[in-house]
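A.B. asks: I have a structure here, written as structure tokens, and I will follow up with some questions on it.
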Amino acid sequence: MSQTPLLSLRNLRTMFTGENGEVVAVDNVSFDVNAGEIVGVVGESGSGKSVTALSIMGLLPKTGARISGGEILFRGRDLLKLSSREMRGLRGREIGMIFQEPMSSLNPVFPIGDQIVETIIAHERIGHRAASARAADLLNRVGISSPARRMLDYPHQLSGGMRQRVMIAIALACSPKLLLADEPTTALDVTIQAQLLDLLRDIQDETGMAIVLITHNMGVIAECADRVVVMYAGRVAEEAPVDRIFDAPNHPYTVGLLGSTPDITRDERRLWTIPGSLPRIEAPPSGCRFAPRCQLAIADCERGQPQAVQIGAAHWAACLRTQDASSLGRKT
Amino acid sequence: MRAYAIKRILQAIPILMLVSLISFGIMQLVPGDPASLLAGPNATPAELEQVRINLGLDKPFLTQLFIFYGNLLKGDLGHSLLLGKPVTEAVFERSPVSISIALYSLVLTVIFGLAIGVLAAIRHNTWVDQIATSFALIGVSLPNFWLGLVMIVVFSVHLGLLPTGGYVPFTRDPMGWLVAATMPAVSLALMQIGLLARLTRSTMLEVLSQDYIRTARAKGLSEIRVIAKHALANVMIPVVTVLGMILSVLMSGSVIVETVFAIPGIGSLLGNAILGRDYPMIQGGLLFVAAVLLTLNIVVDLLYAYLDPRVRVR
Ligand SMILES: Nc1ncnc2c1ncn2[C@@H]1O[C@H](COP(=O)(O)OP(=O)(O)OP(=O)(O)O)[C@@H](O)[C@H]1O
Ligand SMILES: [Mg+2]
């Protein structure tokens, strides 16, 4: 892949000001997203997935949050250097985002049609009628029947799955190059989840946009992603093409994540969970952040943050013991 | 929406019946014999009997109630004892005065209360917020009669800018009305501005942290649009519900303010009626005020339903 990536995070660092000084929520995160690909970002709750996405969108809380380092290159431009006006022009037009909470992500007091139409009008010189027609098309596209009538509905008249479809329609309204989907199906039941993932994949096929799919569900990753970024405690633990993640994981944390996912195909009853929990971001371990929970940890692991090691084509792991981790991965 | 409106109006009828029953009860519950109170200490028994017959007090209770409702339906609230004219006439003479001042203070309350609250919320934790919050606190803590007196001293006595009191009907001279009504309206409104600003600020802060605001920003809307459309539409829902309460307070606060500024409104009409034991006047005046407040509350409820689609469907 010699083309320049659509999105490239370089050493992104995002901090929050807490009661006891600053904490680092996203630390030195780098990964690329190429045009037309689906990159899965996985990690357990609190690992910094949402903060990464919000940093890209420029939607971090106005007070108490700050990006203290790195670059976010989108089509070659560093988003961190754009004015707020330029960022606004980008949001919703070139980068769309959908959120985890379909129940509360739509404004309860406006009809859904209006909420799609205003997105189009905010970015394009287009008449209200044409924008309405496009909104109806979009609703149709995301699988909402009789869209002209549905446009007048208020969010509370729709189910969670329907609302998330509306959110997708809003995100797609201006045909963005990149879609950030932050756990788009987590709050929905399994059948709806599958339908929405199918929808996202179809749309991606059709439009060729890139998707960053944030999830903590390895099943979703297996089904949709081309490449995977595994995050742990604000850092990237491993990055690899999807089949490599499942077949040859090289970071003990990835191995643990896979072990804790029920795998029907392999007929395994045993559910291996990672002992312990995510370190508190107020007091991160000095070395590898996974070391306290890692069954392979050695003294060196606590000495410093391990550098990412290249393992194969487009495959990196930030671990001193990738060799042993990969054999651990084969055992489970 | 229309069904909701009709339902709301029908609901008001039993309330109005109840209020009228209470106001009828006032006459029955007056300690001692209302007739002797009305006729005065020196009345002869014959005169007393005459007063009783005039008031219908000689008839059985149920008959009295029946007559009372009959007259009410005809729009007859009886005769004022002090003013010597029909209660309805007195009420309709005075009510435009009070209502116009109450509406004026409502306008002031809504404009300044909302503006200060919104400003404080979007500049949360800055000096703007601190000034706005302190102003609101001052507004809430100052009694309106005191404020009225201070304003008279400053603006009328020292600066000579505004009259110390009196009233000019809006229909006769709008500018004159504005000059006469401003100090009363401001002194009535200030406390409500403080209350509304505090409510608006806290609601706005809460609304701004909602997911749909994040969505609005993620869509690339301008900050003005995010605040003025997406946030404000949601802030207005609780604000409108307290508007009904604010109006009631403005109406009842007018009794004091009308006294301070020597304004011939409903407040001073009722005040004088109470002092002079003008029972028909008290009865009719209360009924009128209750009807006005009830109507305003229905308007507020309808507005609320209009603003919040989740209520509308019920
Ligand atoms: N507004 C905030 N103020 C302070 N700390 C925050 C804020 N938002 C997030 N954090 C912290 O940043 C860290 C990363 O949070 P983030 O929401 O990115 O996790 P996540 O990976 O998206 O988890 P989840 O799967 O639960 O969504 C957490 O430790 C969280 O406490
Ligand atoms: Mg998250």
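A.B. asks: Between B:VAL299 and B:LEU103, what is the label-point separation in nm under the 7 Å Cα-to-beta-carbon projection?
C.D. replies: Each label point lies 7 Å from its Cα, and together they span 0.7 nm.
A.B. asks: Measure off 7 Å from each Cα along the Cα-to-Cβ vector at A:ASN140 and B:MET175, then give the distance between these two points in nanometres to one decimal.
C.D. replies: Between A:ASN140 and B:MET175, the label points sit 6.2 nm apart.
A.B. asks: Amide H of A:VAL228: which non-local residues (sequence gap of 5 or more, or other chain) have their own amide H closer than 5 Å, using H built in the peptide plane?
C.D. replies: For A:VAL228, whose amide H was placed from the backbone, the distant partners under 5 Å are A:GLY40, A:ALA240, A:VAL242.
A.B. asks: Which number do you get for Rg(Cα) / (2.2 N^0.38 Å) in the range A:1-148?
C.D. replies: 1.21
A.B. asks: Then there's this: Using only the Cα atoms of the range B:78-209, what semi-axes does the equivalent ellipsoid have when each is the square root of 5 times a gyration tensor eigenvalue? Give whole Å, largest first.
C.D. replies: Equivalent ellipsoid semi-axes, largest first: 35, 18, 13 Å.
A.B. asks: Rounded to the nearest 0.05, what FRET efficiency is calculated for A:GLU206 and A:SER286 with R0 set to 45 Å and r the Cβ-Cβ distance?
C.D. replies: So, using R0 = 45 Å, E works out to roughly 0.40.
A.B. asks: Here is a further query. Between B:VAL311 and A:ASN34, how high is the FRET efficiency from 1/(1 + (r/R0)^6) when r is the Cβ-Cβ distance and R₀ = 60 Å? Nearest 0.05.
C.D. replies: That pair, B:VAL311 with A:ASN34, gives E of 0.80.
A.B. asks: Which of A:ARG91, A:ARG235, A:ARG293 ends up with the largest GNM mean-square fluctuation for chain A, with Cα atoms connected below 10 Å?
C.D. replies: Of A:ARG91, A:ARG235, A:ARG293, the Gaussian network model singles out A:ARG293 as fluctuating most.
A.B. asks: Evaluate 2.2 N^0.38 Å with N set to the residue count of the protein assembly as shown, then give the Cα radius of gyration divided by it.
C.D. replies: 1.36
A.B. asks: Let me ask something else about it. Based on the Cβ-Cβ distance from A:THR4 to B:GLN130, what FRET efficiency comes out when R0 is 51 Å, to the nearest 0.05?
C.D. replies: About 0.60, to the nearest 0.05.
A.B. asks: Taking springs between alpha-carbon atoms closer than 10 angstrom, which of B:TRP146, B:TRP177, B:TRP127 fluctuates most in the Gaussian network model of chain B?
C.D. replies: Of B:TRP146, B:TRP177, B:TRP127, the Gaussian network model singles out B:TRP127 as fluctuating most.
A.B. asks: Next question. Under the rule of at least 5 residues apart or a separate chain, name every residue whose amide H is placed under 5 Å from the amide H of A:GLY69.
C.D. replies: A:ARG13
A.B. asks: Take chain B, connect every pair of alpha-carbon atoms lying under 10 Å apart with a spring to form a Gaussian network, then pick out the residue of B:MET191, B:MET17, B:MET183 with the largest mean-square fluctuation.
C.D. replies: Highest fluctuation among the options: B:MET17.
A.B. asks: Something else now. If N is the number of residues in the range B:1-85, what value comes out of its Cα radius of gyration divided by 2.2 N^0.38 Å?
C.D. replies: 1.42
A.B. asks: Right, another one. How far apart, in nm, are the 7 Å Cα→Cβ label points at A:ALA130 and A:THR63?
C.D. replies: Using points 7 Å along Cα→Cβ, the separation is 4.3 nm.
A.B. asks: Would you mind checking the range B:244-280 for residues with the amide N under 15 Å from a putative spin-label position 7 Å along Cα→C-beta of B:ASN71?
C.D. replies: Hits in the range B:244-280 for B:ASN71 at 15 Å: B:278-280.
A.B. asks: Could you work out the percent of alpha carbon pairs in the range B:87-313 separated by over 31 Å, rounded to a whole number?
C.D. replies: Pairs farther apart than 31 Å: 31 percent.
A.B. asks: Along the range B:197-214, what does the Karplus equation 6.51 cos²θ - 1.76 cosθ + 1.60 (θ = phi - 60°) give for ³J(HN,Hα), rounded to whole Hz, x for Gly and Pro?
C.D. replies: 4, 5, 4, 4, 4, 5, 5, 4, 4, 5, 4, 5, 8, 7, 4, 5, 6, 4
FYI, it's all coordinate maths here, none of it is from the lab. The structure presented is a predicted model; accordingly, all values stated were derived computationally and were not measured. As a convention, Cβ positions derive from the backbone with ideal geometry for all residues, glycine included, and neighbour counts pool all protein chains shown.
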